[in-house]
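The values are calculated or read from the model by the stated rules, or taken from the named source; none is laboratory data. Just so it is clear, the structure is predicted and the values come from calculations on it, not from any experiment. We place every Cβ from the backbone using ideal geometry, glycine too, and count neighbours over all the protein chains shown. Side chains included, ligands, DNA and RNA excluded: accessible areas come from the protein's heavy atoms. Shrake-Rupley method; radii C 1.70, N 1.55, O 1.52, S 1.80 Å.
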Amino acid sequence: MKKVLVALAASMALSAVAAWPEKSVNIVVPFPPGGSTDTIARAMAQHMGEKLGQAFVVDNRPGATGTIGATAVKRAAPDGYTLLVASLGPYVIAPHLVKNVPYDAVKDFDYLSLPVQAPNVLVVSPAQKARTLAEVVAALKAQPGKISFASSGNGSSDHLSAELFWQQSGTTGVHVPYKGGAPAINDLLGGQVDFSFQNVNAVLPHIRAGKLTAIAVTGDKRSPVLPDVPTLAEAGVKGAEIYSWQGMAAPKGLPADVKKKLADAAIQAINEPTLKKRLTDQGMEIVANTPEEFTAFQAREYARWKTLIEARKISID
């Protein structure tokens with residue numbers, strides 16, 4: 001009798017997995033609507049829904065540098081009906097900055113795929129005279145701790161781009177955090193702040209319109225949408241390579257078949273030709289890696305940012 005019950009339970013579990021998804025899937029985005037992460041999540045939701053035959057619904061839960069939404073996903077059932085699409089912040093930065101984060105970013109998630117990455121670009125306010133990286137470094141050395149760098153918030157990739165740049169160039173500046181990239185860019189355009197490392201897709205229209213000048217990109221190669229702009233390394237500051245990225249994860253413990261279905265659908269979604277072209281035209285780079293590759297990548301990034309945050313004594317306060 002016991003063997004019959006075990007066999008029946010196993011059969012029911014397999015049929016449940018085979019039927020997944022039987023209802024809509026919730027994608028938690030731990031940031032407000034309208035940003036890069038939200039845009040990626042909504043594009044993927046549409047294509048994954050078409051592929052898997054159920055609605056994928058984006059649920060914005062902003063706050064606490066992304067940790068509120070990430071915590072909600074960690075606490076959800078690992079059944080494939082709750083996903084997290086976030087930037088690198090909640091995955092590899094906030095755990096080192098926010099006290100008592102209620103999740104372990106290495107152990108509490110099943111990493112599915114990293115759809116896209118994009119370099120940041122150092123842009124200069126119209127009020128500033130510097131137009132090359134050498135001139136930026138010279139200005140910082142002439143006025144240590146006085147030249148301002150805007151960011152979309154403490155612990156963001158643009159904030160840490162500045163910190164890494166200062167470290168590798170032997171300079172110091174003033175970090176001015178904003179609540180999002182849009183207000184930081186607005187003040188940069190208005191000359192209230194001097195420089196910023198912004199996601200390339202966020203400032204590309206302003207660069208093309210001549211309202212901001214691109215000094216250098218943070219990638220390990222030039223951006224296809226800014227072919228005339230050197231990398232930081234090419235311009236003389238090595239070891240400051242940074243990519244902003246978005247990744248999809250789920251609560252730890254997904255059934256293997258559900259995990260494979262999700263990962264395959266995510267990879268197919270981001271490689272859909274129309275979406276792929278739209279994103280690459282904006283300066284994003286398609287990664288679409290496997291769960292195994294994303295898991296290894298997250299572990300490397302987690303260790304890297306822990307080292308920088310501790311060395312620079314960066315605080316969220």
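Roughly what % antiparallel, to the nearest 5, for the DSSP beta bridges in the chain? Please report the intermediate quantities before stating the final value.
Values: 23 of 38 bridges.
That works out to approximately 60 percent antiparallel.
With r defined as the distance between the Cβ atoms of ALA55 and LYS260 and R0 fixed at 22 Å, what FRET efficiency is calculated, to the nearest 0.05?
Between ALA55 and LYS260 the formula returns 0.60.
Taking the Cα centre of the chain as origin, sum charge times position over the Cβ atoms of Lys and Arg (+1) and Asp and Glu (-1), and report the length of that vector in debye to the nearest 20.
Numbers: 32 positive and 27 negative charges, 60 e Å.
So the magnitude is around 280 debye.
Please list, ordered by chain and number, the residues whose modelled amide H lies under 5 Å from the amide H of VAL25; skip anything fewer than 5 residues away on the same chain.
Sorted by chain and number, the residues that satisfy this are ALA55, PHE56, VAL57.
Using label points projected 7 Å from each Cα along Cα→Cβ, tell me how many nm separate ALA134 and ALA311, to one decimal.
The two pseudo-label positions are separated by 2.6 nm.
Mind listing the long-range amide H neighbours of GLU234? Cut-off is under 5 Å, sequence gap 5 or more, other chains count too, H placed in the peptide plane at 1.01 Å from N.
Residues meeting the criterion, in which the H sits 1.01 Å from N, do not exist here.
Rg and Dmax of the range 62-109, using alpha carbons, in Å: what are they?
Using the Cα atoms of the range 62-109, the pair Rg, Dmax is 10.1, 30 Å.
Report the residues of the range 221-244 in range of a label on LYS277: point 7 Å along Cα→C-beta, backbone N strictly under 17 Å from it.
Answer for this model: 225.
Taking the Cα centre of the range 246-317 as origin, sum charge times position over the Cβ atoms of Lys and Arg (+1) and Asp and Glu (-1), and report the length of that vector in debye to the nearest 20.
Numbers: 12 positive and 10 negative charges, 27 e Å.
Roughly 120 debye for the range 246-317.
Tell me which lysines have Cα within less than 28 Å of LYS306's Cα, excluding those fewer than 8 residues away on the same chain?
LYS306 reaches LYS74, LYS99, LYS107, LYS141, LYS146, LYS179, LYS221, LYS238, LYS252.
Quantify how much of the Cα-Cα distance distribution of the range 16-68 extends past 16 Å, in percent. Each step should come with its number before you reach the end.
Details: 598 of 1378 pairs.
Of the Cα pairs, 43 percent sit more than 16 Å apart.
Taking only C-alpha pairs under 8 Å that are 6+ residues apart, what is the relative contact order of the chain in percent?
Contact order relative to length: 25 percent.
Please work out whether the range 198-317 counts as rounded, prolate or oblate from its C-alpha gyration tensor, where a ≥ b ≥ c are the square roots of the eigenvalues and a/c under 1.5 means rounded, while otherwise a/b larger than b/c means prolate and anything else oblate? Could the numbers behind the result be given before it?
Working: a/c = 2.42, a/b = 1.30, b/c = 1.86.
Judged from the Cα gyration tensor, the range 198-317 comes out oblate (a/c at least 1.5, b/c at or above a/b).
Would you mind working out the accessible area per residue for the range 22-156, using a 1.4 Å probe, and quoting it in Å²?
Using a 1.4 Å probe on heavy atoms only, each residue of the range 22-156 averages 38 Å².
What are the radius of gyration and Dmax of the range 167-208, computed over its Cα atoms and given in Å?
11.4, 31
Whenever you get a sec, compute what percent of the accessible area on the chain sits on carbon and sulfur atoms (1.4 Å probe).
55 percent
Which log10 I(q)/I(0) values, to two decimals, does the chain give at q = 0.08, 0.10, 0.11 Å⁻¹ under the Debye formula with one point per Cα?
These q points yield log10 I(q)/I(0) values of -0.38, -0.57, -0.68.
If you build the convex hull over the alpha carbons only and average its shadow over all orientations, what do you get for the range 45-164? Give it in nm² to one decimal.
10.3 nm²
Mind checking the per residue accessible area of the range 206-317 for me, 1.4 Å probe, whole number of Å²?
Here the per-residue accessible area is 48 Å².
Where a ≥ b ≥ c are the square roots of the eigenvalues of the C-alpha gyration tensor, would you call the range 169-257 rounded, which needs a/c under 1.5, or, failing that, prolate if a/b is larger than b/c, or oblate?
prolate
Between the DSSP loop rule and a limit of at most 10 other Cβ atoms within 10 Å, which trypsin sites (Lys or Arg not before Pro) in the range 44-144 are left?
LYS99, LYS107, LYS129
Out of all DSSP beta bridges in the range 100-251, what portion is antiparallel? Express it as a percent rounded to 5. Could the numbers behind the result be given before it?
On the way: 17 of 24 bridges.
Rounded to the nearest five, the antiparallel share is 70 percent.
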